[in-house]
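Below: the structure, in structure tokens.
What follows is calculated from the coordinates using simple rules that are stated; it is not laboratory data. Computed from a prediction, not measured in an experiment: that's the story for all the values here. Don't worry about glycine lacking a Cβ; one is built from the backbone with ideal geometry, like all the others, and counts go over all protein chains shown.
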């Protein structure tokens, strides 16, 4: 019996360079976006997650949590699928006969690839390699920008905390602070 998943491969969990989190869907890489959190480009098209997980399991037997962490690490934190996406996809791969539980003493269900899984992966190898290349590019960008952006955000946070903790902050001063933050956000979106 095959299962269908409405949002397979579309959920993104983006991590801000300064440590917060945001959820985002759609959009291209880099520019654009808005709302809460940074938007990340689409790593996976519909159905790609199956073969990405299969490729990771081919490297070594893994359980669901290890797969989630592996994807987060490969993207430098820009993409982290939720358990609600990964575990049903693992069930689908198992139903298709592409993976099976590995024999062992683990409390968690450890999966290994089967021969039909290797064949299916071989037919989709170019797509998998393209996704892994996009993930590596995201990780490189994250490594280059995170420290600088993090430092700037920490400076802003400290300045706000210091200024807002003073008893002399007037309603007018608070309005000006809020306006400066809004203006800065608008200017960043245009860069």
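Quick notes on this structure:
- Gyration tensor verdict on the stretch 62-181 (Cα atoms; rounded if a/c is under 1.5, prolate if a/b is larger than b/c, oblate otherwise): prolate
- Shape class for the stretch 80-132, computed from the alpha carbon gyration tensor (a ≥ b ≥ c): oblate, with a/c not under 1.5 and a/b at or below b/c.
- Net length available on complete extension from residue 91 to residue 152 is 17.6 nm, with 0.36 nm assigned per residue and the Cα-Cα distance removed.
- Residues residue 66 and residue 189, FRET efficiency given R0 of 41 Å [Cβ-Cβ distance, rounded to 0.05]: 0.65
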